[in-house]
Structures are given as C-alpha cells and as structure tokens.
1. Working only within the stretch 291-317, note down all residues that are in contact with a Ser or Thr (Cβ under 7 Å, 6 or more places away or on another chain) and either in a loop (DSSP other than H, G, I, E, B) or under 17 Å from residue 28 (Cα atoms) (or both).
2. Quick check, is residue 257 crowded, with 22+ Cβ neighbours inside 10 Å and in contact (Cβ under 8 Å) with a residue 60 or more places away in the chain?
3. Scan the stretch 217-233 residue by residue and report those that are small (Gly, Ala, Ser) and in a loop (DSSP other than H, G, I, E, B).
4. Being aromatic (Phe, Trp, Tyr), at pLDDT 90 or above, within 24 Å of residue 218 (Cβ to Cβ) and in a strand (DSSP E or B) is the requirement here; does residue 320 meet it?
5. So if I check each of 222, 230, which one is at pLDDT 85 or above, over 15 Å from the mean Cα position of the chain (by Cα) and among the hydrophobic types (A, V, I, L, M, F, W, C)?
6. Name, by its number, the condition in (1) touching a residue at least 24 places away in the same chain (Cβ under 8 Å); (2) surrounded by fewer than 19 Cβ atoms within 10 Å (Cβ to Cβ) that does not hold for residue 177.
7. Could you grab the pairs with beta carbons closer than 9 Å, sequence gap of 6+ or different chains, first residue in the stretch 331-346 and free of Cβ contacts under 8 Å to residues at least 40 places away in the same chain, second one among the polar types (S, T, N, Q) and open to solvent by 60 Å² or more (accessible area, probe 1.4 Å)?
8. Filter the stretch 53-69 down to the residues that are more than 21 Å from residue 114 (Cβ to Cβ) and open to solvent by less than 50 Å² (accessible area, probe 1.4 Å), then identify the one that is modelled with the highest pLDDT.
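The values are calculated or read from the model by the stated rules, or taken from the named source; none is laboratory data. Everything numeric in this text was worked out from a predicted model, so none of it was measured. For neighbour counting, all protein chains shown are included, and Cβ atoms are generated from backbone atoms with ideal geometry for every residue, glycine included. Surface areas here come from the heavy atoms of the whole protein model, side chains and all, with no ligands, DNA or RNA. Shrake-Rupley method; radii C 1.70, N 1.55, O 1.52, S 1.80 Å.
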Amino acid sequence: MSEYKYAPFGGGLDLQSQTMNMPVGRLLVAKNVEQKRTGGYARVEGYLQVNAAEITGTGDALGLHVFNGKIYVFRNNTCFEGDLPTVSADDATFSTEAFTEESSNIQPKIGSSTPDFVQCVTANIDGTMKMYCTTGVEKAFSWDGTTCTAITTGMGDDTPDHCIAHHQHLFLAFNTDTGSSLQFSPIGDPEGTWTPVTGSGEIRIPDKITGFMPTPGGDLAIFSRNTIHILSGTSSADFVLANFREYGNRSGALRHTTQQMGSRLWFLDDRGVTDLSASQKYGDFEDAVISHLITPKILQYKSSAISSCVIKEKSQYRLFFENGWGLVFTFENSELLGGTELNYPL
C-alpha cells in the first residue's frame, strides 16, 4: 500500500536554516509569489505597471497619490491628474485615459530645484478633505481638487520633508544637519498663521526625522534614523514628547518605510523589519524584528529602500527598493506567516 505524507506549504522564504533541516513548506527561492493567509503560495498580485511613455516629462516618478477618486503622479516638476483606471487583473499597464489632465498649478518645484520624493497625505483638518504634500525643496501645500494653497510656517528654510495629520493639526518635519524641527499648525487651520499665539508650535528632535505614524492609542510615533519618540496629547496645551524606551539598543526607521496595519506599526530598521507594539502600560513600547529568516535580503537591499505600503485585504506589508525589487510580508492575526520577494521590471 502506498504511503502519503501531507506537507503544507507555508513559512515563506528561508535563507537562514540549513537546507536539510529546513521546516517543511518554506522556500529557498520566492520571486513574485506571496504567502496566502489561507495557506500555500500564489502569484503576487496587487500592482500594475505604469507605462512611462503615457506621461510627458522626464525623470523618475517622484510620488503617486490617490485623492477623491483621482490618481496624481508627480514627475519632474509637473503633476498629472486623471481618473482612476478601470483595468482587469491581467492588464499589464494603466490605460492612457488615466493621465489626461495636467494640473500645472500644483507643480512641486522651487526655482530649478527638483525633489527626490513627493509625500502626500489626505486629511480633513479644517472641515474640507484635502491633499497635503511636502517635497523638501519648497513650501508644503494643500490641494482640494480645485485650489492649491502654499503653507507658510515662518521657518527660514520653509521646505519640509515629511507631513502627517494628527488631532486636527498638520505636522511638518524640517531636517537639518544637526537634527530636525517638528512643527505643528494651529488646530484646525493648517493654512493659517503658524505662531504660538494661534496655537502652533515647535519640538526639537536630535536626529533626522524619517517618518510619522499614529499609534493605536492615539499618540504619534516620530521615527528618526536612530531614535523613536512618542508624542502624546491632543493640542499645543498638552503635547508631551517622551523618549522611546530602547531596551539598551538603538532603534530607528529608514525613510518612507513606516506603516500601520491594525494595531501594529511596521518599519525597516538596520536589524530588519520591526514591529513596534504598544503594551497595556501607557508609553511602554516593545520592538521585535520579524524578518530574521530573510536577513541576507534585508542587508542587501536596506540602503536602497524608497517606499512602502500595506495591502489591508491581504494583511500584507510591502517594502520597495530602487533596484526594482521588493519584499512582501503576510500576516494573520498580527502573526507573520511568511516573507517573499517581488520584482518590478525596470
């Protein structure tokens, strides 16, 4: 009688275990496949390639943001606006109709300078849903679909690098060689006058800010390259900056790698993909690296990280790198099921 043995596929890419001792179901190679939440692997899905020939201008895409059913693509001092394309899962590119209207009045530029990244966030701070953007080479600006408004903070070099909306304030990060200035707007009025009289304020951060993310408890996690700070409070009257408890190790995030999924905050640190989780005790945070099995890939790619996202319906955290490669981490009930690789053709 034949004997059968069930071998479930799962666990993702494993570059650490010895081949003969590797747990059943893990992979030695995992290109353009993803760990399924229900078990097993499937071809990676969830992205479409933009055909650069359909967008006039030159250079790399500096940012892409979806706002009010429109897709915005920033490229070489110009922003293109168009309807979200209707495509099937098998289509390889967006249709030309996706980029039919040039929104020249929201060009991300100052003089002849060109940013290396355009960051945008959608929020209702002043009673109107708007898109807020920073470029690092000009003033932050808002866009409501019709009008672009520059945001003046009063900084000598008014060129913020990062932005986020938090408790009806717009927060902007200004990075310098000696650290960062974290500025926040008057409550409910990011386009107003930024002075202590109107309720705006400034917090000094000793390291360069690399990203923001609200915590499940209502605080704001401020990520720097080598530190993490937590901002509590809801306005200038009670904002309190508390140092992150590091448990003897320096911990920080690479730029554009911070994401929230459910009650978890994920980011890429020098040690790998890390989960910053709040404990029941206020202000007590615990960090845990979850990418040990693919540490060689982390070491290979980390210096070229350029972006990240979460795919909520797949419970995935994705990282993207300059060379066209990416890493996909799939979770179930906040537990890592496995990590795999994806590759975008350049």
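1. 298, 315
2. On the way: crowded, with 22+ Cβ neighbours inside 10 Å: yes; in contact (Cβ under 8 Å) with a residue 60 or more places away in the chain: yes.
Spelling it out, residue 257 is indeed crowded, with 22+ Cβ neighbours inside 10 Å and in contact (Cβ under 8 Å) with a residue 60 or more places away in the chain.
3. First pass over the stretch 217-233, keeping only residues small (Gly, Ala, Ser): 217-218, 221, 224, 232-233.
Matches in the stretch 217-233: 217, 218, 233.
4. On the way: aromatic (Phe, Trp, Tyr): yes; at pLDDT 90 or above: yes; within 24 Å of residue 218 (Cβ to Cβ): no; in a strand (DSSP E or B): yes.
In short, no.
5. On the way: 222 fails: over 15 Å from the mean Cα position of the chain (by Cα).
Result of the check over 222, 230: 230.
6. Going through (1) touching a residue at least 24 places away in the same chain (Cβ under 8 Å); (2) surrounded by fewer than 19 Cβ atoms within 10 Å (Cβ to Cβ) one by one, residue 177 breaks only (1).
7. 346/323
8. At the first step, the residues of the stretch 53-69 found to be more than 21 Å from residue 114 (Cβ to Cβ) are 66-69.
So of that shortlist, the ones also open to solvent by less than 50 Å² (accessible area, probe 1.4 Å) come out as 67, 69.
Working: 67: 89, 69: 81.
Among those residues, the one meeting the criterion is 67.
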